[in-house]
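Input: a single structure, listed below in structure tokens.
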Amino acid sequence: KALAPAQTPLAGQHVLVTSGPTHEPIDPVRYIANRSSGAQGTAIAAALLALGARVTFVTGPAEVSPPAGADIVRVETAAQMRAAVQAALPADAAVFAAAVADWHVDGAGASKIKKVAGQIPQLHLRENPDILAEVGHMTQGRPTLVVGFAAETDDVITHATAKRLRKGADWIVANDVRPETGIMGGAENEVTLITESGTETLPRMSKTDVAAALARRIATVLTKDDA
Ligand code: CTP
Ligand code: CA
């Protein structure tokens, strides 16, 4: 492989990024969602693009516009996100920043649920596929580097460390999303990077700067054998 210029260490590398929330329909007019804005995933994709990577950006219905220059795949549900991720592989690295719904509504149909006085509908939920875990545990064609996120409100490091192992991820980017931190939906983030060799807490900074720091570390791993 030709040596990439120092400014674009990820030239020739394909990185897959998932971002944003998913929406799980209840009926044609209602859905279950979450508070992910897509800001951190979008910033990571932009930082990877800036380092020269080809980026496939699989995004749920986010508030933030997707990054210019990425191959953008728009999805709504977790099932659609899984299919888009499988279609985008192979990749040299995969970053799972999406806030994927854990459940979908079983039997969500084409008809609007009508309000009937005194009758409360019961939603039956079924578990969604864990997209990160599926890729993390791939035995053939697994990306060299699989990065997951863990947004937690309690025992952040304990939960995130367990997630790294359970999902077969190389890295977990953990953060504390209790409302009082202002991180969910805010411009700043404070993350701890959990790897096989331990934990590293980065200072609180803009989501753009967190993205740049992560992209630089990803480039270090992906270019290790190139020298
Ligand atoms: N993830 C995924 N597919 C899912 C659920 C989660 O790919 N169905 C990914 C997220 O993109 C994130 C990581 O897994 O990178 C952790 O997501 P999180 O919701 O924190 O983990 P869960 O295992 O769902 O645990 P919980 O919601 O109970 O904390
Ligand atoms: Ca979850």
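Any read-out appearing in this document is the output of simple, stated calculations on the displayed coordinates, not a laboratory observation. The model shown is predicted, which means the values in this text are computed figures rather than measured ones. Cβ coordinates were reconstructed from backbone atoms using ideal geometry, including for glycine residues, and neighbour counts include every protein chain displayed.
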Here the range 85-101 yields Karplus 3J(HN,Hα) values (6.51, -1.76, 1.60; θ = phi - 60°; whole Hz; Gly and Pro given as x) of 5, 4, 5, 7, 6, x, 9, 6, 9, 9, 10, 9, 8, 5, 9, 7, 4
Both in Å, the radius of gyration and Dmax of the C-alpha trace of the range 20-87 are 12.6, 42
Taking a ≥ b ≥ c as the square roots of the eigenvalues of the Cα gyration tensor of the chain, is the shape rounded (a/c under 1.5), prolate (a/b larger than b/c) or oblate? prolate
Which percent, to the nearest 5, of DSSP beta bridges fully inside the chain are antiparallel? 40
Lysine pairs, Cα distance under 28 Å, 8 or more residues apart or cross-chain: how many in the chain? 6
For residue 112 and residue 11 in one chain, what is 0.36 nm times their gap in residues minus the Cα-Cα distance, to one decimal in nm? 31.5 nm
Once you have the Cα-Cα distance between residue 76 and residue 27, take 0.36 nm times their residue separation minus that, and quote the gain in nm to one decimal. 16.3 nm
Expressed as an acute angle from 0 to 90° and rounded to the nearest 10, what is the orientation of the C-alpha long axis of helix 207-222 relative to the principal long axis of the chain? 60
Report the label-to-label distance for residue 220 and residue 181 in nanometres (one decimal), using points 7 Å from each Cα along the Cα→Cβ vector. 2.2
Amide H neighbours of residue 191 under 5 Å, counting only residues 5+ apart in sequence or on other chains, H built in-plane at 1.01 Å? 202
Whole-Hz couplings from phi, Karplus 6.51/-1.76/1.60, listed for the range 62-68; x for Gly and Pro: 8, 6, 7, 5, x, x, 5
Expressed in angstrom and rounded, the centroid-to-centroid distance over alpha carbons for the range 12-45 and the range 70-93 is 11
5 Å is the cut-off here: which amide hydrogens, built 1.01 Å from N in the peptide plane, fall below it relative to residue 149, excluding neighbours closer than 5 in sequence? 96, 173
Helix axis angle, 156-167 relative to the chain longest principal axis, alpha carbon, degrees: 90
Rounded, prolate or oblate: pick one for the range 151-227, where a ≥ b ≥ c are the square roots of the eigenvalues of its C-alpha gyration tensor, a/c under 1.5 means rounded, and failing that, prolate if a/b is larger than b/c, else oblate. oblate
